[in-house]
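First the structure, in the form of structure tokens, and then the observations on it.
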Amino acid sequence: MVHYLLKRLIQSVLTLLSVLTIVFILVRLAGNPAQLMLPVDATRHDVIALNANLGLNHPLWMQYWDYLVSILQGNFGESLYYKQSVISLIAERLPATLSLAILAIIIAIVAGIIMGTISAIWKDSWLDHISTSFVFLIQSFPTFFIGILLIMIFAVKLRWFPTFGNDMPKAIILPALTLAAYPVAPITQTMRTSLIEVLDGKFVLAKQAMGFTDVDIVFNREIKNAMLPVLTIIGLELGTMIGGAVVTETVFSWPGIGQLVVQAVQKRDFPLIQATVIIISVFYIFINFAVDVLYFYLDPRVRKGKI
Amino acid sequence: MKHITWQNEIRLLPFAIIIILIIFGPLIAPFDPNSQHMKSTLLTPLAHYANSGKLAILGTDELGRDIFSRILYGGQLSLLISIVAVLVSGTIGLIIGTISGYLQRFTDTFFMSLGDIQLSIPSILLAIVIISVFGSGIVNVIAVLSITGWVSTARVVRSRVIQLKETDFIQSAELMGLGHGIIIWHHVLPNVMNTFITQEILQISRMILFSASLSYLGVGVSLSTITWGGMINEGQNYLQSAWWIATIPGVCIAVVVVTINLFGEWLQNLLVA
């Protein structure tokens, strides 16, 4: 057990290191990082001063080392536009993004499991067709457009919800529904396939022979067996949701990290872009690690090292 | 292969119509997509222009620009970008997937870890970083889409190649002492093609959705270029008064994606099943 977890931990650390390296390389590929870090109207003198300050006159390996050390110390520098520490900016925005993402994943899991289960139990019925078509359709719309449709129907026409901002708790509903549109489709599909597979198994046949109905079987036992692949998908989808949050927050002017990063790009606020990307990747890597650990506890095959 | 009947082929009609509309879009477009008609702003779909009395099929926007014409121009660009990106990322994915699956061992571990690492940065963020470092523009958007797209193709191709390696005809070819290059070129690649082509058709719709998100966020091709995502972004300010400005391009994206996906499914039934 310790061996498996240790292996995954080392993998995660290596991945994180690679992300940091990619960001480091990208910034240097673009030319002088000092130029990126400074406002567009900076003078030559400013660039030289920052060069010395950032240690850009040192050899590359030393720069890389300094960069890693400063990030490990949580020193991401100062935002060019907001003139305050990047870390405090991100900390301010993080709760908004987290609450949005958590609500969205809850909606997606509940809706996906219900729809997938219904589809699997009554396979090829009209209920199954409706749920399958709904999933197909939702995947064909760009998610930001789903957000706009929701705004148009529920905020502009019906006036049930505000069109933007974070006037809680009403304001979170539409953005959370929009963000939930990303993971709901794969969760439903996986739940459906996985449950159909489990229901086709021999032990289920035995139970049916004993006179249990499909609904009994599903709710008493089999749903648990069908949940493992769903869990993997949920883990994977959390990553997509982080990306989705960037778009969703822009649609609804939701004051989270996603909106922060888009504004940072528009303002060419490079220290801020760099820090948000790194922090979001850290989250993503951590989530994946957590999902693996959870999987380890749920699936005896993983625990015994058979997969 | 399935027998081809006209009932089956009729489903290709929407796909063909969309392709024709997009290829010949600029020829069909009734107006210059950027010309402004100040007396005919925010016309509803099917209304008539104030000066010429011409029909505004899909209405006009806040500057009196013809939405139908803009849709045609924007559609051409999105499809062009997506197809080129799929060609590039598909080729990279095919090469890496084949080599990884065929050689396995170190090469496989190397490329697959590379893919895992890349997937640990959400694509949209990677796109944002690359665009913010290298600037916006069509070439950069295509590069970004290709970089984020190769992993899924490589994985699909790789697993198909691994399956193939177990088959008798590849193993006999190996026993006969044929070189890797010859086996890959004459025996592996032809058998990977069906899976590969189906995968790439579906990738086109993924690319359309992804590039629409980028242009909606304003980090895609330059802001002055007409894109469906950009049109939705501009139209969002007029949701209260003119719903059609944002809705029409959104529906167009969905229709194109649905059509391409259906075409992909059709092709999959034909080639793979």
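Quick look at the numbers
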{"item": "When residues of region B:115-138 are limited to those that are among the polar types (S, T, N, Q), assigned to a helix (DSSP H, G or I) and facing chain A (nearest Cβ under 7 Å), the one surrounded by the fewest Cβ atoms within 10 Å (Cβ to Cβ)", "result": "B:123"}
{"item": "Among (1) modelled with pLDDT under 85; (2) open to solvent by 30 Å² or more (accessible area, probe 1.4 Å); (3) not hydrophobic (A, V, I, L, M, F, W, C), the one test that residue B:234 misses", "result": "(1)"}
{"item": "Among the candidates B:205, B:224, B:215, residue that is open to solvent by 10 Å² or more (accessible area, probe 1.4 Å), of a type in the set (Ser, Thr, Tyr) and within 13 Å of chain A (Cβ to nearest Cβ)", "result": "B:215"}
{"item": "Members of region B:171-186 that are over 29 Å from the mean Cα position of the chain (by Cα) and open to solvent by 40 Å² or more (accessible area, probe 1.4 Å)", "result": "B:171, B:172, B:174, B:175, B:176, B:177, B:178, B:180, B:181, B:182, B:186"}
{"item": "Among residues of region A:74-97, those that are open to solvent by 50 Å² or more (accessible area, probe 1.4 Å), without any contact (Cβ under 8 Å) to a residue 12 or more places away in the chain and in a helix (DSSP H, G or I), counted", "result": "3"}
{"item": "Filtered residues of region A:265-295 (kept if more than 8 Å from every other protein chain (Cβ to nearest Cβ) and aliphatic (A, V, I, L, M))", "result": "A:272, A:275, A:278, A:279, A:282, A:287, A:290, A:291, A:293, A:294"}
{"item": "Flag for residue A:118 being open to solvent by less than 60 Å² (accessible area, probe 1.4 Å) and touching a residue at least 24 places away in the same chain (Cβ under 8 Å)", "result": "no"}
{"item": "Some residue of region A:157-166 being closer than 28 Å to residue A:235 by Cβ and open to solvent by less than 50 Å² (accessible area, probe 1.4 Å)", "result": "no"}
{"item": "Single condition residue B:161 does not satisfy, out of (1) modelled with pLDDT of 80 or more; (2) of a type in the set (Val, Ile, Thr); (3) outside any helix (DSSP H, G or I)", "result": "(3)"}
{"item": "Filter result (more than 24 Å from residue A:85 (Cβ to Cβ) and either modelled with pLDDT under 75 or surrounded by fewer than 11 Cβ atoms within 10 Å (Cβ to Cβ) (or both)) within region A:8-55", "result": "A:10, A:29, A:31, A:43, A:44, A:45"}
{"item": "Region B:143-170, residues that are under 15 Å from residue B:211 (Cα atoms) and surrounded by fewer than 23 Cβ atoms within 10 Å (Cβ to Cβ)", "result": "B:143, B:146, B:147"}
{"item": "Residues that are assigned to a loop (DSSP other than H, G, I, E, B), closer than 28 Å to residue B:205 by Cβ and open to solvent by less than 30 Å² (accessible area, probe 1.4 Å), drawn from region B:30-76", "result": "B:33, B:59, B:61, B:65"}
{"item": "Region B:237-266, residues that are open to solvent by less than 20 Å² (accessible area, probe 1.4 Å), more than 14 Å from residue A:149 (Cβ to Cβ), more than 8 Å from chain A (Cβ to nearest Cβ) and of a type outside the set (Ser, Thr, Tyr)", "result": "B:242, B:256, B:260, B:264"}
{"item": "Residue under evaluation residue A:145, criteria (1) open to solvent by 20 Å² or more (accessible area, probe 1.4 Å); (2) at pLDDT 85 or above, criterion not met", "result": "(1)"}
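Residues are listed down the side, and each one gets a yes or a no for (1) over 17 Å from the mean Cα position of the chain (by Cα); (2) modelled with pLDDT of 80 or more; (3) surrounded by fewer than 24 Cβ atoms within 10 Å (Cβ to Cβ):
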residue	(1), (2), (3)
A:250	no, yes, yes
A:262	no, yes, yes
A:266	yes, no, yes
A:269	yes, no, no
A:272	yes, yes, no
A:294	yes, no, yes
A:297	yes, no, yes
A:300	yes, no, yes
A:303	yes, no, yes
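The values are calculated or read from the model by the stated rules, or taken from the named source; none is laboratory data. Note that the structure is predicted; figures quoted are calculated from it, not measured. Glycine also receives a Cβ, built like all others from the backbone with ideal geometry; neighbour counts cover every protein chain displayed. Quick note on the areas: whole protein, heavy atoms, side chains included, nothing else; ligands and nucleic acids left out. Shrake-Rupley method; radii C 1.70, N 1.55, O 1.52, S 1.80 Å.
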